[in-house]
């Protein structure tokens, strides 16, 4: 797969930053990247089912691992939750997990989804999952890279 286009990477970075500053996270505890995946889980599960979400997230982790080798111990559990990204022993704690490693996972989730259903529908799904996310206006549908 080609690298994630810059606009999708930027969207993932904004989503992780949004979750880092969100006063009412969708899950208790965890890191912003894990919470971003959890926020995307319900709409994606409605779209592709639980097994489809698990497959999409597993593939995203595998693609991100190629970019960020320290994601080696990260796994997707059978229920679709991420294991190891928020583990203090895995070397992802703090800025790294919510920085390049976490953003890479979220970017690949969004990038794979955009490949399957198109960028405009993916952006709509992200907007619906995170209505307060800044910068998800209509201007991004005209960008290059997909």
(message) I need the shape label for segment 34-80. Rule: rounded when a/c is under 1.5, else prolate if a/b > b/c, else oblate, with a, b, c from the alpha carbon gyration tensor.
(response) prolate
(request) Can you pull the one-decimal nm distance between simple spin-label points at residue 17 and residue 45, each 7 Å off the Cα toward Cβ? (result) 2.9 nm
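Read-outs: derived from the displayed coordinates by stated rules, not from any lab. This is a predicted model, so every value here is computed, not measured. All Cβ positions, glycine included, derive from the backbone under ideal geometry; neighbour counts span all protein chains shown.
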